[in-house]
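Down below is the structure, laid out as structure tokens.
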Amino acid sequence: MREMVIATYRLRLGPGDVLEQKGEQIALGQTVGAWTPVRDAHPEIWAQHRGEVVSVAQEADAGIARVAFPTANCEPDLPSLLTMVFGKVSLDGWIKLLDLEFPPAWLAQFPGPKVGIAGLRRRLGVAEAPLTMAIFKPCVGLSAEQLGAMFYELASGGLDLVKDDEILPDLPTAKTERRLEACLAAAGRVKRETGRTVLYAVNLTGPVDMLRERARRLQSQGATCLLFNVLAYGWGALEALARDPELTTPILAHPALSGGLCGAPDHGMSYSLVLGRMMRLAGADLVLYPAHYGTFPFPAEEEFAIRDALRQPMGSLAPAWPGPSVGIHPGMVPRLLADYGRDVVINAGGGIHGHPRGAQAGARAMRQAVELALAGRPFTEPLPSGHGELAVALTHWGVA
């Protein structure tokens with residue numbers, strides 16, 4: 001019996017198009033077929049390697065087709081997989097790849113998250129609460145020492161993670177290893193003063209053939225988390241990092257470029273596949289993406305589909321952290337916890353740095369918002385004693 005990967009597509013249908021025929025064209029064209037009969041077509045080979053239409057369903061002027069592909073046609077890695085299910089056919093007009101389903105034994109060959117939800121909680125010593133994170137804002141042009149000082153301000157305010165902005169590579173103004181040194185020193189100071197562990201997600205950049213070497217070097221120098229622009233480098237690069245037995249540092253995947261792959265309604269791939277299922281397959285421990293109530297016009301159904309792809313059971317792969325982002329501020333915390341529960345990383349930039357009393361107060365406001373929401377207390381005046389920074393934030397931004 002053949003093992004099959006099942007791909008689900010949305011197909012726009014033109015005049016005269018028949019959905020079943022469109023599905024069959026994908027099944028054959030991406031496996032054993034050609035646009036015209038060829039001489040060396042062997043039925044016994046076709047039987048083992050041809051694709052099959054599993055089902056079709058009409059939707060107004062579009063259709064949904066589920067097509068199965070033999071795993072025998074593919075290596076167990078994402079570049080090979082994507083070439084099989086969406087390589088050439090992605091050029092064929094109005095077609096969008098929505099989802100992929102995998103046989104469990106084949107799925108188990110992918111790396112998946114090494115650290116994941118449980119592992120990151122252990123490293124931080126946070127058993128149940130949601131995690132909070134901030135981004136360096138601004139970042140480009142600042143020195144490593146200035147970024148280290150910003151890290152201390154954010155971390156001492158009570159956050160669990162602080163990350164580089166994705167646009168901050170290995171610049172002469174703030175070399176990566178110098179940034180790492182400065183931020184680790186700030187994290188050590190916070191640890192001595194408060195007993196809390198705060199992780200720094202340093203941006204892993206450089207020539208793709210040097211990424212593993214650079215990641216190993218940063219880890220040896222104490223790196224506690226790696227930020228990675230996965231789509232700029234490719235899922236194969238993320239898989240290589242995740243498969244490296246020497247690398248045990250959690251990987252935070254950034255969604256840069258995902259709009260170009262997923263934003264069109266009739267082309268490309270779904271956000272839940274690109275930022276959810278495939279990031280988890282390839283080894284991301286935490287994935288950032290827009291929240292639908294943030295500053296990007298992001299559909300709620302897309303956001304929650306990413307969340308579910310990262311956390312719901314998926315063979316033997318560990319779950320990964322969802323990181324709703326973009327325009328997040330403390331007044332959104334009750335809504336975030338209602339949508340995500342406790343296994344979520346609340347990521348903010350302007351919603352912390354833009355606090356009227358500064359970034360440290362913004363970090364405190366975010367921590368106070370999480371504490372108040374977990375206690376089931378309303379975000380209405382007067383707030384309990386010790387929540388002054390949150391009160392200022394709610395006056396400034398409101399409750400979403």
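No value in this document is a laboratory result; all are computed from the given coordinates. Source: prediction; values computed, not measured. Glycine also receives a Cβ, built like all others from the backbone with ideal geometry; neighbour counts cover every protein chain displayed.
Each of Ile346, Ile6, Ile135 was scored by other Cβ atoms within 10 Å of its Cβ. Listed from fewest to most, they are Ile6, Ile135, Ile346.
Diffusion coefficient of segment 291-400 by Stokes-Einstein, Kirkwood radius over Cα pairs, 25 °C, 0.890 mPa s: 169 µm²/s. For segment 116-397, the fraction of C-alpha pairs farther apart than 23 angstrom is 51 percent.
Residues Ile352, Ile95, ranked from the fewest to the most other C-beta atoms within 10 Å, line up as Ile95, Ile352. Extension gain for Val126 to Ser80 (0.36 nm times residue separation, less C-alpha to C-alpha distance): 12.8 nm.
Each other residue within a Cβ distance under 14 Å of Gly125 adds +1 if Lys or Arg and -1 if Asp or Glu, for a net charge of +3.
When the chain is treated as a GNM with alpha-carbon contacts under 10 Å, the residue of Arg217, Arg311, Arg367 showing the greatest mean-square fluctuation is Arg217. Distance between the pseudo-spin-label points of Arg189 and Gln221 (7 Å out from Cα toward the beta carbon): 1.9 nm. Amide H to amide H distances under 5 Å link Asp99 with Thr8, where only residues 5 or more positions off or on other chains count and H is placed in the peptide plane. Which of Gly341, Gly195, Gly294 moves most in a GNM of the chain, Cα contacts under 10 Å? Greatest mean-square fluctuation among the candidates belongs to Gly195. All other residues whose Cβ lies under 12 angstrom from that of Ala60 are scored, Lys and Arg at +1 and Asp and Glu at -1, for a net of 0.
Straight-distance candidates among the lysines for linking to Lys163, with alpha-carbon spacing under 26 Å and chain neighbours fewer than 8 residues away dropped: Lys114, Lys137, Lys175, Lys191. If the label point is 7 Å along Cα→Cβ of Asp61, which residues in segment 266-292 have backbone nitrogen under 15 Å from it? It comes to 266-267, nothing else. Considering only Tyr152, Val126, Leu171, the residue lying farthest towards the positive end of the dipole of segment 100-180 is Val126, judged by Cα position with unit charges set on Cβ. Which net charge results for the neighbourhood of Thr205, defined as the other residues with beta-carbon distances under 9 angstrom from its beta-carbon, given Lys and Arg at +1 and Asp and Glu at -1? For residues surrounding Thr205, the net value is 0. Here's how it looks for Ala62: its modeled amide H is under 5 Å from those of Leu13, which are all 5 or more places away or on a different chain.
3J(HN,Hα) along segment 277-293, derived from phi through the Karplus expression 6.51 cos²θ - 1.76 cosθ + 1.60 where θ = phi - 60°, amounts to 4, 6, 4, 5, 4, 7, x, 6, 8, 8, 10, 8, 6, x, 7, 6, 9 Hz, with x in place of Gly and Pro.
In whole angstrom, how far apart do the alpha carbon centroids of segment 275-323 and segment 227-260 sit? About 14 Å separates the Cα centre of segment 275-323 from the one of segment 227-260.
Pairwise inverse Cα distances across segment 4-107, averaged and inverted, put the Kirkwood hydrodynamic radius at 14.1 Å. Temperature 4 °C, viscosity 1.567 mPa s: under these conditions the Stokes-Einstein estimate for segment 45-86, based on its Kirkwood radius over C-alpha pairs, is 110 µm² per second.
As an exercise, use a Förster radius of 22 Å and the Cβ-Cβ distance of Asp92 and Met1 to find the FRET efficiency, rounded to the nearest 0.05.
For R0 = 22 Å, the calculated efficiency reads 0.15.
A helix-only calculation puts the chain at -11000 deg cm²/dmol for mean residue ellipticity at 222 nm, using -39500 (n - 2.57) for each DSSP H run of at least four residues, averaged over all residues.
For segment 219-228, the Karplus equation 6.51 cos²θ - 1.76 cosθ + 1.60, evaluated at θ = phi - 60°, returns couplings of 4, 5, 8, x, 4, 9, 6, 10, 7, 9 Hz by residue, with Gly and Pro reported as x. Out of residues 5 or more away from Val54 or on other chains, whose amide H comes under 5 Å of its own, with H placed 1.01 Å from N in the peptide plane? Long-range HN contacts for Val54: Arg66, Val67, Ala68. Each residue of segment 114-129 was assigned a 3J(HN,Hα) from its phi angle through the Karplus expression (A = 6.51, B = -1.76, C = 1.60, θ = phi - 60°), giving 7, 9, x, 5, 5, x, 5, 4, 4, 5, 8, x, 10, 6, 9, 5 Hz with x at Gly and Pro. Evaluate the distance, in nm, between pseudo-label points positioned 7 Å from the Cα of Ala72 and of Thr395 along their respective Cα→Cβ axes. Here the modelled spin labels are 7.2 nm apart. Sorting Val56, Val126 from the fewest to the most surrounding beta carbons within 10 angstrom yields Val126, Val56. The label-point distance for Asp170 and Ala338, in a model that sets each label 7 Å from Cα toward Cβ, rounds to 4.7 nm. Within a straight-line Cα-Cα reach of under 25 Å, Lys88 can be paired with the following lysines, leaving aside sequence neighbours fewer than 8 residues apart in one chain: Lys22, Lys96. Among Trp321, Trp46, Trp235, the residue with the largest mean-square fluctuation in a Gaussian network model of the chain, with springs joining Cα atoms closer than 10 Å, is Trp46.
Once the Cα gyration tensor of segment 73-117 is diagonalised, what are the square roots of 5 times its eigenvalues, in whole Å and ordered largest first, as equivalent ellipsoid semi-axes?
Semi-axes (√(5λ), whole Å): 24, 13, 10.
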